[in-house]
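In what follows, a single structure is set out as structure tokens and then discussed.
The values are calculated or read from the model by the stated rules, or taken from the named source; none is laboratory data. These numbers come from a predicted model, not from an experiment. Positions of Cβ are backbone-derived with ideal geometry, glycine not excepted, and every protein chain shown enters the neighbour counts.
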Amino acid sequence: MDGGARDYSLTGPDGARAVEIGLASAEWYHTDVPRKTMKGLMKRTDGPATRDTLIWLMLLILSAAGGIALWGSWWAVPFFAVYGVLYGSACDSRWHECGHGTAFKTQWKNDWVYVLASFMVLRNPTAWRWSHARHHTDTIIVGRDPEIAFMRPPDIARKALAFIGIPDVFVHFGILLRQAVSGPNAEEADYIPTSEVPKVKFWARLFVAIHLAAGLTALMTWSILPLMLIGGPRIYGAWHMVMVGLLQHGGLAEDVLDHRLNSRTVHMNPVSRWLYWNMNYHVEHHMFPMVPYHALPKLHEVIKDDLPPANPSIPHAYKEMIAAVLRQRTEPNYCAPRSLPEGAKPFRAGFHDRTALPEAG
Amino acid sequence: MSDWIDVCAADEVEEEDVIRFDHGGRTFAVYRDEDGAAFCTDGLCTHEQVHLAEGLVLEDEIECPKHNGRFNYKTGAALRTPACVALATYPARIEGGRIQVQI
Ligand code: FES
């Protein structure tokens, strides 16, 4: 085996080493974009997110109503199939964009959609805001990033199960339950300030209480319908979130300071892009997190000559990712190769080869 | 109080925008609001030391380019997590078409 197993915990030796060798909170590569162009791209507006959110909520209500009305017959299935994806998958991108505060110009709209989507995706809105800030500081830096989806060597069976929400949903509910009782653990305390602990507990208790109420209603009515509407979609509707989410960084480099090496941009069909709020432009998002989701296609056009070519489709990206991940089972240091167009600035690599890392003192 | 220090011609900073200004081994951010008045804060975000001049001015606020934390650049107050610690602010003015700051 090429290289040993790494310690992905935030309190372990790999994290300490990343700090020592300057990989943590480091400066990342950015493509040069004229200030005027960037200001235009960063501009905030309420229009696109308000439209998309109204459509989202309307479709959620209509599909839920159809499912309830036809409950007990097979005709309910397509309604719940739609409801499940709108709830259990679209929640992730709404959580994400509103967490950055870029989706809407009006902040209370970002905050409300953020809390609703956090509930749906079973993430504590306070804890995950801090977790995601760390993910942007130290993207895929081992021992620093709390949001690494593919740890090496990869557990492929577990990743495959995530498409049906297992064991994901139980893990996340367990985290909320623990936060409701005792607050952040040692790992979370690495990135959540103490002043935020009361908020972490508040949201965890509220979210747990709503889910328990749905469970209790299901028991009392002796019907799983309440759980089909609340909580359940995080299992039966999560497949799209997992499908697109794994592509963000799957099979790519760890411990680099250049998002062109550790993030993937994939061209997708319009439905997936709408559900995913353009996060398929993932290199662009990481390089410039100030650019709202609706401006990412324009940002892509501006900087694409400095980026590896985007994967042309979801199947194409999966083929690349699966090949890399399979190889990582025996060669954990392997990552899918990236190439740059002629004229692009060279990669800011340096740290990606683990064997080349200087020994921490 | 120190002397006024010349930063640049006022029209080099657009209204509702920010530039970076380095002086005496320190870095600052110099802003103009929608009325054209000048303001100055420390140049690095109090969360993780990123240059605020690469961020976005939104009315009276500056949004940090790294994690979208926000500050009121007139008072320095931290308004949005992960920015929690206020920014230091410094007097700024426009004299004879030039932006000047006292730091
Ligand atoms: S570095 Fe400014 S908000 Fe994090």
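Exactly one condition in (1) more than 30 Å from A:W274 (Cβ to Cβ); (2) more than 14 Å from chain B (Cβ to nearest Cβ); (3) part of a loop (DSSP other than H, G, I, E, B); (4) not hydrophobic (A, V, I, L, M, F, W, C) is not met by A:S73; state its number.
With respect to (1) more than 30 Å from A:W274 (Cβ to Cβ); (2) more than 14 Å from chain B (Cβ to nearest Cβ); (3) part of a loop (DSSP other than H, G, I, E, B); (4) not hydrophobic (A, V, I, L, M, F, W, C), A:S73 is out only on (1).
Is there a residue in the range A:183-191 that is within 14 Å of chain B (Cβ to nearest Cβ) and loosely packed, with under 11 Cβ neighbours inside 10 Å?
No - not one qualifying residue is present in the range A:183-191.
If you take just the helices (runs of 4 or more DSSP H) that sit entirely in the range A:246-320, which of them hold at least 3 residues that are within 14 Å of another protein chain (Cβ to nearest Cβ)?
Counting at least 3 such residues, we get A:282-287.
Going by the conditions given, is A:D32 in contact with a Pro (Cβ under 8 Å, 6 or more places away or on another chain), part of a loop (DSSP other than H, G, I, E, B) and not hydrophobic (A, V, I, L, M, F, W, C)?
Criteria not met by A:D32.
In this structure, does A:W95 turn out to be away from the ligand (no atom under 16 Å from the Cβ) and without any contact (Cβ under 8 Å) to a residue 12 or more places away in the chain? Spell out how you get there, then give the answer.
Working: away from the ligand (no atom under 16 Å from the Cβ): yes; without any contact (Cβ under 8 Å) to a residue 12 or more places away in the chain: no.
Spelling it out, it is not the case that A:W95 is away from the ligand (no atom under 16 Å from the Cβ) and without any contact (Cβ under 8 Å) to a residue 12 or more places away in the chain.
Please go through (1) under 27 Å from A:E27 (Cβ atoms); (2) away from the ligand (no atom under 12 Å from the Cβ); (3) among the hydroxyl-bearing types (S, T, Y); (4) part of a loop (DSSP other than H, G, I, E, B) for B:T27 and return the number of the only condition it doesn't satisfy.
Unmet condition: (4).
Quick check, is B:A10 touching a residue at least 12 places away in the same chain (Cβ under 8 Å) and in contact with a strand residue (DSSP E or B) (Cβ under 6 Å, 6 or more places away or on another chain)? Break it down into steps so the answer makes sense when it comes.
Working: touching a residue at least 12 places away in the same chain (Cβ under 8 Å): yes; in contact with a strand residue (DSSP E or B) (Cβ under 6 Å, 6 or more places away or on another chain): yes.
Judged against the criteria, B:A10 is a match.
Residue by residue, here is whether (1) β-branched (V, I, T); (2) within 14 Å of the ligand (Cβ to nearest atom); (3) in contact with a His (Cβ under 7 Å, 6 or more places away or on another chain); (4) facing chain A (nearest Cβ under 9 Å) holds:
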position	(1), (2), (3), (4)
B:S2	no, no, no, no
B:I5	yes, no, yes, no
B:C8	no, no, no, no
B:E14	no, no, no, yes
B:H23	no, no, no, no
B:H47	no, yes, yes, yes
B:H67	no, yes, yes, yes
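Search the range B:69-95 for residues being more than 23 Å from A:T194 (Cβ to Cβ) and hydroxyl-bearing (S, T, Y), and hand back the single one that is farthest from the ligand (Cβ to nearest atom).
Step by step, filter the range B:69-95, then rank; the result is B:Y90.
Could you identify the single residue in A:L86, A:L41 that is in contact with a helix residue (DSSP H, G or I) (Cβ under 8 Å, 6 or more places away or on another chain), within 12 Å of chain B (Cβ to nearest Cβ) and either crowded, with 19+ Cβ neighbours inside 10 Å or in a helix (DSSP H, G or I) (or both)? First the steps, then the outcome.
Details: A:L86 fails: within 12 Å of chain B (Cβ to nearest Cβ).
Unique residue meeting the criteria: A:L41.
Among the numbered criteria (1) without any contact (Cβ under 8 Å) to a residue 24 or more places away in the chain; (2) within 14 Å of another protein chain (Cβ to nearest Cβ), which single criterion is violated by A:I55?
(2)
Taking the range A:107-119 on its own, how many of its residues are away from the ligand (no atom under 16 Å from the Cβ) and within 11 Å of chain B (Cβ to nearest Cβ)?
Qualifying residue count for the region: 1.
Being closer than 28 Å to A:A253 by Cβ, within 13 Å of the ligand (Cβ to nearest atom) and of a type in the set (G, A, S) is the requirement here; does A:G143 meet it?
no
Might you let me know whether the range A:138-148 holds any residue that is at pLDDT below 95, closer than 28 Å to A:E331 by Cβ and surrounded by fewer than 17 Cβ atoms within 10 Å (Cβ to Cβ)?
no
Given A:T50, A:T102, which one is within 14 Å of chain B (Cβ to nearest Cβ) and either over 18 Å from the mean Cα position of the chain (by Cα) or not basic (K, R) (or both)?
Numbers: A:T50 fails: within 14 Å of chain B (Cβ to nearest Cβ).
Unique residue meeting the criteria: A:T102.
If we keep just the residues of the range B:18-32 that are in contact with a strand residue (DSSP E or B) (Cβ under 7 Å, 6 or more places away or on another chain) and surrounded by fewer than 18 Cβ atoms within 10 Å (Cβ to Cβ), which is farthest from B:F71 (Cα to Cα)? Even if it seems obvious, please write down each step before you answer.
Of the residues in the range B:18-32, the ones in contact with a strand residue (DSSP E or B) (Cβ under 7 Å, 6 or more places away or on another chain) are B:18-21, B:23, B:27-32.
Pick out the ones that are also surrounded by fewer than 18 Cβ atoms within 10 Å (Cβ to Cβ) and you get B:20, B:23, B:27.
Values: B:R20: 16, B:H23: 22, B:T27: 17 Å.
Only one residue fits best here, namely B:H23.
Within the range B:33-45, take every residue that is surrounded by 16 or more Cβ atoms within 10 Å (Cβ to Cβ) and either among the acidic types (D, E) or within 14 Å of another protein chain (Cβ to nearest Cβ) (or both) and give me the one that is farthest from the ligand (Cβ to nearest atom).
B:D33
Could you check, for the range A:120-134, whether at least one of its residues is touching a residue at least 40 places away in the same chain (Cβ under 8 Å), within 14 Å of chain B (Cβ to nearest Cβ) and loosely packed, with under 15 Cβ neighbours inside 10 Å? Explain how you work it out, then say what you get.
Step one: filter the range A:120-134 for residues touching a residue at least 40 places away in the same chain (Cβ under 8 Å), giving A:120-127, A:130-131, A:133-134.
Filter once more, so that each one left must be within 14 Å of chain B (Cβ to nearest Cβ): A:124-127, A:130-131, A:133-134.
Now restrict to residues that are loosely packed, with under 15 Cβ neighbours inside 10 Å: none.
Within the range A:120-134 (the criterion being touching a residue at least 40 places away in the same chain (Cβ under 8 Å), within 14 Å of chain B (Cβ to nearest Cβ) and loosely packed, with under 15 Cβ neighbours inside 10 Å), the answer is no, since none of the residues qualifies.
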